[in-house]
1. When ligands, DNA and RNA are left out and all protein chains stay put, how many square angstrom of accessible area per residue does region 43-99 have with a 1.4 Å probe?
2. Quick one: 3J(HN,Hα) in Hz for region 64-70, Karplus 6.51/-1.76/1.60 with θ = phi - 60°, rounded, Gly and Pro as x.
3. Skipping prolines and chain starts, which residues have an amide H placed within reach, meaning under 5 Å, of the one on LEU63, given they are 5 or more residues away or on another chain?
Amino acid sequence: MPVVNEGAAKAAPAVAPQFTAYIALGSNLGDASGHDSPIQQIERALRELHSLPQTQRVRHSCLYQSPPAGHADQPDYVNAVAEIRTRLTPGALLEELLKLEIRFGRRRLFRNAPRTLDLDLLLYDARTLHEPGLTLPHPRMHTRPFVLVPLLEIAPKIEIPGHGPIHSLPPAHDRSQLRPVALQTASALCEGPL
């Protein structure tokens, strides 16, 4: 009768696969203390993305300033897009992003209200998903230059499910309302370690 090593026979715990996701970041208000500007809010949020559970930030776009969408009577926004790798499910990742918004002082007073931090889950691999509170890809991303221009910068070959390659979408090339933030330091902000 063969001898079986019971320790070796036990299956190793399964490791969840990693998925690539893209997050849009936006801010047009500083923090409650009045110390952080929207640029600093985005920089802090990029660092925080790296510390989400089972998640690492891979790279991020340059920062861009853009006029507000929807409610026009508010300051311009600072926007960026980050690529992450995560083992979280789409729903769990969205929960973590919402918690991060709250930690940054986000209050949802009305639709398109000014915000200290806005985090939108744009894409989660090539998945399409329609659940209460979560639609993938993000339902309006394909129309927004302030999302597509920075996404094109870091993922020029990406396909947006239901809309095709990013480079074929006209808003991905519309920089008319976007201004790079701090041109003299833009290279430090693009894909930097933060």
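The values are calculated or read from the model by the stated rules, or taken from the named source; none is laboratory data. Keep in mind the model is a prediction, meaning the values are calculated, not measured. Note: areas computed on protein heavy atoms with side chains; ligands, DNA, RNA excluded. Shrake-Rupley method; radii C 1.70, N 1.55, O 1.52, S 1.80 Å.
1. Details: 2360 Å² over 57 residues.
Heavy-atom SASA per residue in region 43-99 reads 41 Å².
2. Karplus values, whole Hz, x for Gly and Pro: 10, 9, 8, x, x, 9, x.
3. Amide H to amide H, under 5 Å and 5 or more residues apart or across chains, LEU63 pairs with VAL181.
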